[in-house]
1. Roughly what angle does helix 137-147 make with the longest principal axis of the chain, taking Cα atoms, 0 to 90 degrees, to the nearest 10?
2. Which order results if D282, D2, D232, D299 are arranged by neighbouring Cβ count within 10 Å, fewest first?
3. Which of rounded, prolate or oblate describes the range 2-162 when judged by the alpha-carbon gyration tensor and an a/c cut-off of 1.5?
4. Which of the peptides 46-55, 26-35 is most tightly packed, and how do the rest follow, judged by the mean count of other Cβ atoms within 10 Å per residue?
5. Please rank L72, L116, L139, fewest neighbouring Cβ atoms within 10 Å first, as an exposure proxy.
6. Cα axis of helix 75-85 to longest principal axis of the chain: angle in degrees, 0 to 90, nearest 10?
7. Which GluC sites (Glu not before Pro) in the range 8-90 sit in a loop by DSSP (not H, G, I, E or B) and have at most 14 other Cβ atoms within 10 Å of their own Cβ?
8. Would you mind classifying the chain by shape? Square roots of the alpha carbon gyration tensor eigenvalues, ordered a ≥ b ≥ c; an a/c under 1.5 is rounded, otherwise it is prolate if a/b is larger than b/c and oblate if not.
Amino acid sequence: MDVIHFPEDLRPQRWSHPVLALGNFDGVHRGHRKILERVKRVSSERGATSVVMTFDPHPPRIVRPDKAPRLLMTKAQKLEALASAGVQGTAIVRFTHELSQWDPETFVRAVLVDWLHVSEVWVGANFLFGRDRAGTFSLLRTLGARYGFNAEKIDPVRYKDFVVSSTRVRRLISEARVDEAGALLGHQYFIDGTVVQGAQRGRTIGFPTANVETPNELLPPFGVYATTATLDGIVYSSVTNIGVRPTVDDSGRVSIETHIFNFDRDLYGASIRLGFVQRLRDERKFDSLGALRAQIQADCDGARVLFERLSL
């Protein structure tokens, strides 16, 4: 997948009459994938290039940083997901304060027309653009007629009773409802990280853990979760604690600790992906290491039952 940035990169000459999916695409959830599938189909029918346009940093970081949400994905994770979805190119607009002041027509002319030479643009039902988010779909369609491209939109995607949106997924994760968030995403909510040196207390009580540092912004609330742990492309069953480990540590430092089932290997420095399957319980302080050990065993037993039911 080609990746280019505005304003410094030129559009690749091999991009033919780009059919563009325009949006933020945080999480690359079921709604996003519907737009991507439509763009891929249309571009294939026309012999055109399927392209996604997104923004970096996330526009609220610039226009209202005090209210900017914690994101579901890092930039690298988003690019990985878009490549996996099968689009041929991604165009990333470097979002600045100056660009945030552009009126909708300036954005369309400079980015969509002069830079990318789009033939068609697809957006979600609620996509807004330009200064003060003044650009609506109706205006995009009008500008498209003026500058020679088509504008189309996808109706909201529903999963069961919910409209799928990045905002709703973030809320579910912040409420520890990671299984429901995964249903809207179409995949487990995951974080990537590196295994770092820990205090090795877990090994002394029979449950060695991988201590994970992550660049991901959005963590589920403190607690114990049934998780998958992906290492070198292999998926393992695991349980993960997010919190301050009150039974064994009074520093208040937040940690992510994962116990991987049937696994005994030195992982320091390894890259790991943790997928959150379901919350098992709150984090709490135990009276003794023996009580903590018994609870961890119960957590593992509960997770194994869950994994067998879900065929993980």
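1. Between helix and principal axis, roughly 40 degrees.
2. On the way: D282 11, D2 16, D232 7, D299 20.
Least crowded to most crowded, the residues run D232, D282, D2, D299.
3. Values: a/c = 1.24, a/b = 1.06, b/c = 1.17.
Taking the square roots of the gyration eigenvalues as a ≥ b ≥ c, the range 2-162 is rounded.
4. Details: 46-55: 21.0, 26-35: 23.3.
Highest mean packing first, the order is 26-35, 46-55.
5. Least crowded to most crowded, the residues run L139, L116, L72.
6. It is inclined by approximately 70 degrees.
7. E8
8. prolate
Just so you know, all these numbers are worked out from the coordinates, no wet-lab data involved. For clarity, every value in this text was computed on a predicted model and none was experimentally measured. As a convention, Cβ positions derive from the backbone with ideal geometry for all residues, glycine included, and neighbour counts pool all protein chains shown.
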